[in-house]
Amino acid sequence: MKEYDYLVVGAGLFAAVFVRQAIEAGKRCLVIDKRSHIGGNIYCENVDGIHVHQYGAHIFHTDNKQVWDYVNRFVSFNRYTNSPLANYKGKLYNLPFNMNTFNKLWGVNTPQEAKAKIEEQRKEYAYIKSPANLEEQALTLCGKDIYQKLIKGYTEKQWGRSATELPAFIIKRLPFRFTYDNNYFNDEYQGIPQGGYNELIHKLLEKAEVRLNTNYFSAREELDALADKVLFTGCIDEFYDYRFGRLEYRSLCFEHERLEIDNYQGNAVVNYCEREIPYTRIIEHKHFEFGTQPCTVITREYPAAFTAENEPYYPVNDDTNMTLLKKYKDLANTTANVLFGGRLAQYAYFDMDDTVEAALNLAKNELKKEL
């Protein structure tokens, strides 16, 4: 009998939810992570009482009551509502695109006026019947004003290439809201854990053995020998030593700065839409939890190419990578005693509620087999 039922590689949200369910079912779990902390990309650093999202803004939102009730078993959530702003050449516009945005762009006051203006702008590009790239797709959906000011520069920075070189499917549709409502999400439930995300992860993993600063690939055979099964939440191509080639990602770099003022920008998230400004947004963390500290912490977020020195964030879901992913998934389906889960193992962009739901489903199916 091996020492553990499951070796769990990675201590992020997916892994933590699975581990909690496994332990409640009587299983023994060893969790390892190459980083010096648990929580993966939702880890927060406490700076003067401000919970700094070290790897970018994370706002929990969902329409799934089961998921909402599950996370609320462990922590309480505040009433934070995500209402980001977009800065274009010093002017601020509300996101998502709503009546406040249209009023600032064109001076229109009613939904009828806004719809007429959007239609007028779209008609200029009615000749484009089959958009060949993201730029053409966006112009046919919203016209030039919204595209030039609020989409083009931000998107080109995010993906590191011209909008004319990006596939049209990246923007399948653009949500327009003809109300004066700045709530970014339509979901019924939304908020930030009181005390930060670390509280949630600590509660999920409180009965598991956790080893940090432990790289799975540095001692793979020894670690595998400790458990009956492995749950792997890292990059699926790395698990197979890039046998078929490397999957592509876009990455991010973060520049954190503590300031001796109580309020820098008056909002948690401000996007910077000009291509000439190198960062895509500035996050002011205290606003996630309505902080009143005399100081503040901001983070500038810079898109970057994915290399061995930084972290993978956004999968490049083009035909080439999807073909490559299928090869890895087919191989994974034939690999005994290994489970794959999470955004990296599945090469997909997941919101946190999707992550929790997927982990609960995997645990339910897996633990049912074990009974």
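The values are calculated or read from the model by the stated rules, or taken from the named source; none is laboratory data. Please read all numbers here as calculations on a predicted model, not as lab measurements. Because the Cβ atoms are built from the backbone with ideal geometry, glycine has one as well, and the counts that use them run over all protein chains shown. Calculation scope for accessible area: heavy atoms of the full protein, side chains included, ligands and nucleic acids excluded. Shrake-Rupley method; radii C 1.70, N 1.55, O 1.52, S 1.80 Å.
Arg343: closer than 18 Å to Gly56 by Cβ and buried (at least 20 other Cβ atoms within 10 Å of the Cβ), yes or no? Answer is yes for this residue.
Within the range 257-278, one or more residues are of a type outside the set (Ser, Thr, Tyr), open to solvent by 60 Å² or more (accessible area, probe 1.4 Å) and either modelled with pLDDT under 95 or part of a strand (DSSP E or B) (or both). Considering the range 143-170, and only residues there that are among the hydrophobic types (A, V, I, L, M, F, W, C) and buried (at least 21 other Cβ atoms within 10 Å of the Cβ), the residue that is farthest from the chain's Cα centre (by Cα) turns out to be Ile146. One residue stands out in the range 188-222 among those that are under 16 Å from Ala16 (Cβ atoms) and among the acidic types (Asp, Glu): the one that is most open to solvent (accessible area, probe 1.4 Å), namely Glu206. The residue that is farthest from Leu331 (Cα to Cα), counting only those in the range 219-253 that are of a type in the set (Phe, Trp, Tyr) and in a loop (DSSP other than H, G, I, E, B), is Tyr242.
When we screen Tyr93, Tyr43, Tyr6 for residues that are closer than 21 Å to Glu301 by Cα, surrounded by 18 or more Cβ atoms within 10 Å (Cβ to Cβ) and more than 21 Å from the chain's Cα centre (by Cα), the only hit is Tyr93.
Of all residues assigned to the range 350-366, none qualifies as being aromatic (Phe, Trp, Tyr) and either closer than 19 Å to Cys253 by Cα or at pLDDT 95 or above (or both).
Say whether the condition of being in a strand (DSSP E or B), aliphatic (A, V, I, L, M) and open to solvent by 40 Å² or more (accessible area, probe 1.4 Å) is met by at least one residue in the range 290-309. Yes, the range 290-309 contains a residue that is in a strand (DSSP E or B), aliphatic (A, V, I, L, M) and open to solvent by 40 Å² or more (accessible area, probe 1.4 Å). If the Cβ limit is 8 Å and pairs must be 6+ apart or interchain, which residue in the range 349-362 that is part of a loop (DSSP other than H, G, I, E, B) pairs with which residue that is surrounded by fewer than 19 Cβ atoms within 10 Å (Cβ to Cβ) and of a type in the set (Val, Ile, Thr)? Sorted first by the residue in the range 349-362, then by its partner, the list stays empty. If the condition is being of a type outside the set (A, V, I, L, M, F, W, C), more than 23 Å from Thr296 (Cα to Cα) and open to solvent by 30 Å² or more (accessible area, probe 1.4 Å), then the range 52-90 contributes Asp63, Asn64, Lys65, Gln66, Asp69, Asn72, Arg73, Ser76, Tyr88, Lys89. Can you confirm whether the range 260-268 contains a residue that is in contact (Cβ under 8 Å) with a residue 60 or more places away in the chain and either within 21 Å of the chain's Cα centre (by Cα) or at positive phi (or both)? Yes. Residues in the range 7-34 that are basic (Lys, Arg) and closer than 20 Å to Gly196 by Cα: 1 in all.
Tallying residues that are among the hydrophobic types (A, V, I, L, M, F, W, C) and without any contact (Cβ under 8 Å) to a residue 24 or more places away in the chain within the range 278-311 yields 2.
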